[in-house]
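The structure appears right after this line, and notes come after that.
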Amino acid sequence: MTGLKTLFEMLQTSDEAAAERESRSISWISAATWEPVDNHARLRKLGLLVQWSLCSHNQHVQKSLNKDRAQRAADVAGNIELKLNEGDLTEAWYMFQG
């Protein structure tokens, strides 16, 4: 019975990891930002998370997220400019609202 339970848990975690990778590939958050977030989660699961390092970790993640937001805004601005050059005002407006 333990063998089946172990196999089920292994299949369940592999399915969760695949879904996580898929959602991350379409996310605006970069892999460089996900790395410290994953490291934090790993340390927390292992019980090795040190409270005094949490503040610097959070600052690092916040700076990385700000860079990702700026890059996302620049990408959207470029796409809006393309739509305006094509004369598609409606789609440009929808992109701007998004």
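What the table below lists for this structure:
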{"quantity": "Cα-centre dipole for the chain with unit charges at Cβ (Lys and Arg positive, Asp and Glu negative), debye to 20", "calculated": "580"}
{"quantity": "Options Thr13, Trp34, His60, ranked by Cα towards positive dipole end of the chain, top entry (Cβ charges)", "calculated": "His60"}
{"quantity": "Cα centroid separation - segment 29-54 against segment 80-98, whole Å", "calculated": "38"}
{"quantity": "Efficiency of FRET between Ala77 and Leu46 - r from beta-carbon atoms, R0 35 angstrom, step 0.05", "calculated": "0.25"}
{"quantity": "Calculated from backbone phi, Karplus (6.51, -1.76, 1.60) coupling profile of segment 41-52 in Hz, x at Gly/Pro", "calculated": "5, 5, 4, 5, 5, 7, x, 9, 6, 9, 4, 5"}
{"quantity": "Spin-label pair Ser30/Cys55, simplified geometry with 7 Å Cα→Cβ offset, distance in nm", "calculated": "2.7"}
{"quantity": "The chain: calculated mean residue ellipticity at 222 nm from DSSP helix runs of at least 4, using -39500 (n - 2.57)", "calculated": "-30000 deg cm²/dmol"}
{"quantity": "Gyration tensor verdict on the chain (Cα atoms; rounded if a/c is under 1.5, prolate if a/b is larger than b/c, oblate otherwise)", "calculated": "oblate"}
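Values in this text are rule-based calculations from the coordinates and carry no lab data. Note that the structure is a prediction, hence the values are computed from the model and not measured. In this analysis, Cβ positions are derived from the backbone assuming ideal geometry, glycine residues included, and neighbour counts consider all displayed protein chains.
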